[in-house]
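Worksheet: one structure, shown below.
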Amino acid sequence: MAQTIFFIIIAILVFNFLLERILFLLNKKRWNLPIPTELADVYDVDKYQKMQEYRKHSAKFSLLFAIWSFLIILLFLTLGGVPLVDSWARSIMPNAIVVALIFTAIIGWTSDILDTPFDVYGTFVLEQKFGFNTSTVKTFIFDKLKGWLLGAIIGGCLLALFIWFYQTTGTFFWLWAWFAFSAFTLFMTYFYSDIIVPLFNKQKPLEEGELRSAIEAMCTKAEFPLDNVYVIDGSKRSKRANAYFTGLGKRKRIVLYDTLIEQLSIEEITAVLAHEIGHYKHKHSIWGLVSGAVQTLASLYILSLMLNYQVFTDALGVYVPAIHVGIFAFGILYSPVSLILGIVGNYYSRKHEYTADAFAASLHLGDALISGLKKLSANNFSNLNPHNAYVFFHYSHPTLLQRVQAVNKLKSC
Ligand SMILES: [Zn+2]
């Protein structure tokens, strides 16, 4: 039985790898298709050529990275990496929580170190060559260190808490863990801007001026009281532009990347923000929180069932009770379920994007939104002809063409 489970684990890893390769190849075939007429103005000839070149480079790079990650996990599992790391962890201190923390830290940290050469190449060679990267070596190193520290503190606390519930609260430990995780998620949603963002970026309220007045006028028109518009120094790492909505209730805020302000006109920025407000008005963030909580509940319940059976731990070569090994096995065995949940989540997310676009269009900002999205697509070297299968699996947003067509349709009715 343990051997069958081991083969299922390997089969899932192979399946995930092959699925990604197939989707990627399907997508790749569409790079050279002519650009749809609605999007003819996105790229000029020069930029289009540069984009094609970027695609080729980044395709090679991501293929190598995927093969590398795939081989490492495969070798780790088949050469008995799990029992080895488990016995190291046990030799330091026999306490179950400490063993789990050490085991997870070794695996997490090693895999991050092994990925680092690719990170470095991606940032300082690939993104650099095509003019995206603005990150310095110092920023890069500090980001890594801060990421590790944050992962150790947050991940460590949540893992320790989970095992503590497992040891002390009996059959319904998964429900306790769920309450704790949900409370943590809610806390983070409220205080993300105050706790996490300052570790990596500087943010300040948007200054008085033409842009701020335009945004305020739009908010009044949208009947959306908003005092918190912030600008963040995204240009510290990359030229890529973005804007996002964060927080809940009184703590909600809109955050604009300084790169967005640089690249888009005032009307286009206002339209992008109207889109974000559309998400809020239609309660998409609450929907996201609730569906996330339900998914966590389901996965914790399934994990709790698995932890009743020693066979999942045996499958990875550890023949004594080891909750961390059970969690590790669950991480892989559950991935087909996450894949399906991801597809469902993306499906709804794409629907929400249309709704938010329609909200911006209802404020007569449809044209500005389209021209803003086109500029962002061009500046990010977006693929204008993605394959349907790729979109189905991976796109949380409709394609640019679909969004342009949907907004134009709204205008004509
Ligand atoms: Zn959106």
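The values are calculated or read from the model by the stated rules, or taken from the named source; none is laboratory data. All values derive from a computational prediction rather than experimental measurement. Here Cβ is always computed from backbone atoms with ideal geometry, including for glycine, and neighbour counts include all displayed protein chains. These accessible areas exclude ligands, DNA and RNA; they are computed on the full protein's heavy atoms, side chains included. Shrake-Rupley method; radii C 1.70, N 1.55, O 1.52, S 1.80 Å.
The table that follows gives values for the structure above.
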quantity: Matching residues, region 92-107, being modelled with pLDDT under 95 and either more than 20 Å from PHE312 (Cα to Cα) or in contact with a Phe, Trp or Tyr (Cβ under 6 Å, 6 or more places away or on another chain) (or both); calculated: ILE92, MET93, PRO94, ASN95
quantity: Residue tally, condition of a type in the set (Gly, Ala, Ser) and open to solvent by less than 40 Å² (accessible area, probe 1.4 Å), over region 1-29; calculated: 1
quantity: Residue within region 378-386 that is open to solvent by less than 50 Å² (accessible area, probe 1.4 Å), within 15 Å of the ligand (Cβ to nearest atom), among the aliphatic types (A, V, I, L, M) and assigned to a helix (DSSP H, G or I) present; calculated: no
quantity: Test: residue in region 335-351 that is within 30 Å of ASP44 (Cβ to Cβ) and either within 13 Å of the ligand (Cβ to nearest atom) or modelled with pLDDT under 95 (or both); calculated: yes
quantity: The lone exception for GLY151 - which of (1) within 20 Å of the chain's Cα centre (by Cα); (2) open to solvent by 50 Å² or more (accessible area, probe 1.4 Å); (3) not aromatic (Phe, Trp, Tyr) it fails; calculated: (2)
quantity: Enumeration of residues in region 249-262 that are without any contact (Cβ under 8 Å) to a residue 60 or more places away in the chain and more than 16 Å from the ligand (Cβ to nearest atom); calculated: GLY249, LYS250, ASP258, THR259, ILE261, GLU262
quantity: Any chance SER265 is out of contact with any helix residue (DSSP H, G or I) (no Cβ under 7 Å at 6 or more places or on another chain) and either under 18 Å from ILE370 (Cβ atoms) or within 15 Å of the ligand (Cβ to nearest atom) (or both); calculated: yes
quantity: Extreme residue, farthest from the ligand (Cβ to nearest atom), among residues of region 273-282 that are open to solvent by 50 Å² or more (accessible area, probe 1.4 Å) and more than 10 Å from HIS352 (Cα to Cα); calculated: LYS281
quantity: Sole residue being open to solvent by 50 Å² or more (accessible area, probe 1.4 Å) and of a type in the set (Ser, Thr, Tyr), chosen from SER58, SER87, SER69; calculated: SER87
quantity: Cross-chain or 6+ apart pairs with Cβ under 6 Å, region 46-68 first and on the phi > 0 side of the Ramachandran plot, then loosely packed, with under 14 Cβ neighbours inside 10 Å; calculated: none
